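Worksheet for the structure shown next.
The values are calculated or read from the model by the stated rules, or taken from the named source; none is laboratory data. Computed from a predicted structure; not experimentally measured. For neighbour counting, all protein chains shown are included, and Cβ atoms are generated from backbone atoms with ideal geometry for every residue, glycine included.
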Amino acid sequence: MPEGPELHLASLFVNRMCEGVVFTGSVKKSQVSKRPDVPFTSEAYRITAQSRGKEVRLTLTPIKSDDVKQSVKAGHSDQPMDIIFHFGMSGFFRFTPEDELPKHAHLQFYSNEKPSRVLSFVDARRFGGWQPNGTWQPDRGPCIMFEYETFRENVLTHLSDRAFDRPICETLLNQKYFNGIGNYLRAEILFRLNIQPFVKARTVLEGLLCKDKKAEETTKTEISDQAVKNAAVEPLDLLSLCHTVPLEVVKQGGKGYDPEKADYSVFEAWLQCYCMDGMKSIRDHNSRTIWFKGDPGPMAPKNSKSPKAKKRVKKEDNHDYATQKKGVTKARTVEQETLTEKVKKEKVPEKQTGSKRQRIQNVLQKSGRVTRQSSK
């Protein structure tokens, strides 16, 4: 699933590809999509993008014509429109020639050129979507990457919220407080700090509240040179890593988002915990897989097993069963063919023996393999 860094890379991709490009006409939606239509039409408009956590906003800005009244009369939009996208499990943007439109391109913006090019929102699994005339969702917190101070304050001032009664690995996926964090990011952040994933979130974060208060009091007094040096080498905490780790991903190009990039070995080498050999994995209380090292912590689900190991065992079991079943079926087929050949050789009249099964039984009786009593 695309996370904060991937959505930011998506916005950078749109801005890079659409710079200087003029779009025209209406915004088209695929026939299979159940998402809302985009009521925007313009003879000429531009597209820009911005990300915030796990959302991307496209802004369609009409280019003012000489005859505004005629343009409005023709049904063309004269005001910018914002479209808010969430990517679900598989969403991304592509910019291609019209005759190379990707499969599963569910929203399309056409350029004003010949041959036309298309910016499209592609989503094979259709879990993503968009909202015309939308705004940033109010139930999502500040962006972990670009609103860090507000993000940190939002977390530490709401530690009494019930969300922080849950294990830290599950709280990190709560977009009300950690807008942009997803599955691979939470694993990497907790691993770097050696924090057990199933420790109560409030227990992990309460110490940071005291730390921030102390830092605030220090700024009100005269700060010595030594204090500045100490602050510079102070180790990163959980909230600061929620900010810096995603930015590391952005810098190296993400985990397979960029449609123009084929080599993601840099990202794979960057990973330390997520899906790595030697790490453990279990499902949390929301059935999301968390990767970690060592003990999971006191709030781990009871009897939870590694989904990867479970899947592997099941696959082996299925293979053995299929092999066994295939062997049995093959043996039965050979036996039936053999018996059929014997029936043909015996030339037993069908009226005399009745059904095919009875014919086979008669042949077996003559060959001495089955007695009359057993055949009954």
Candidate set: segment 287-312, residues that are over 17 Å from residue 196 (Cα atoms) and surrounded by 11 or more Cβ atoms within 10 Å (Cβ to Cβ); chosen: the one modelled with the lowest pLDDT: 312
Selection count, segment 48-65, where residues are of a type outside the set (D, E, K, R), within 26 Å of residue 142 (Cβ to Cβ) and surrounded by fewer than 21 Cβ atoms within 10 Å (Cβ to Cβ): 4
Near pairs, Cβ below 8 angstrom, 6+ apart or cross-chain, from segment 116-135 (farther than 10 Å from residue 104 by Cβ) to any residue that is crowded, with 16+ Cβ neighbours inside 10 Å and of a type in the set (S, T, N, Q): 117/96; 117/111; 118/96; 118/108; 118/111; 119/108; 119/111
When residues of segment 17-31 are limited to those that are outside any strand (DSSP E or B) and of a type outside the set (Gly, Ala, Ser), the one surrounded by the fewest Cβ atoms within 10 Å (Cβ to Cβ): 31
Pairs with Cβ under 6 Å, 6+ apart, first in segment 98-111 and closer than 18 Å to residue 43 by Cβ and touching a residue at least 12 places away in the same chain (Cβ under 8 Å), second of a type in the set (Gly, Ala, Ser) and part of a strand (DSSP E or B): 108/120; 110/25
Residue among 174, 154 that alone is more than 30 Å from residue 24 (Cβ to Cβ), touching a Gly at 6+ places or on another chain (Cβ under 8 Å) and either outside the structural domain of residue 57 (by TED's automatic domain parsing) or at pLDDT below 95 (or both): 154
Failed criterion for residue 43 (all others in (1) modelled with pLDDT under 95; (2) part of a loop (DSSP other than H, G, I, E, B) hold): (2)
Residue in segment 158-175 that is within 19 Å of the chain's Cα centre (by Cα) and without any contact (Cβ under 8 Å) to a residue 40 or more places away in the chain present: yes
Yes/no for residue 2 being in a loop (DSSP other than H, G, I, E, B) and surrounded by 19 or more Cβ atoms within 10 Å (Cβ to Cβ): yes
Residue in segment 247-254 that is under 16 Å from residue 183 (Cβ atoms), assigned to a helix (DSSP H, G or I) and at pLDDT below 95 present: yes
Sole residue being buried (at least 20 other Cβ atoms within 10 Å of the Cβ) and either in the same structural domain as residue 208 (by TED's automatic domain parsing) or in contact with a helix residue (DSSP H, G or I) (Cβ under 9 Å, 6 or more places away or on another chain) (or both), chosen from 85, 146, 121, 95: 85
Flag if residue 125 is within 22 Å of the chain's Cα centre (by Cα) and at pLDDT below 95: yes
Conditions (1) in a strand (DSSP E or B); (2) within 30 Å of residue 177 (Cα to Cα); (3) of a type in the set (A, V, I, L, M, F, W, C); number of the one not met by residue 14: (1)
